[in-house]
Amino acid sequence: TGTKPATPAKVQQFVIERYDNGNKREEGTYLDGKKEGLWIYYRTDGTEFFRETYQSGFRQRLIQSIEP
């Protein structure tokens, strides 16, 4: 009987990117180097700007845009 080749494990990484002032700029998860799931974006003052969802690096939809 033959053996099935091993499926490589997916690499998942949660990231937080920051502005020079230390406030969050964006946060979300990369899966195999592509944006995946919920991403949250922030203004330079640290307030939330908007949220989007991604699948395999492609934006699926804008969930919420938050007015200042």
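The values are calculated or read from the model by the stated rules, or taken from the named source; none is laboratory data. Given the structure is predicted, the values throughout are model-derived calculations rather than measurements. All Cβ positions, even for glycine, are placed from backbone atoms using ideal geometry, and neighbour counts span all protein chains on display.
Data for the structure
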quantity: Output for region 1-30, where each listed residue is within 19 Å of residue 57 (Cβ to Cβ) and in contact with a Phe, Trp or Tyr (Cβ under 9 Å, 6 or more places away or on another chain); calculated: 11, 12, 13, 14, 15, 25, 26, 27, 28, 29, 30
quantity: Pairs with Cβ under 9 Å, 6+ apart, first in region 13-33 and small (Gly, Ala, Ser), second modelled with pLDDT under 95 and loosely packed, with under 13 Cβ neighbours inside 10 Å; calculated: 33/11
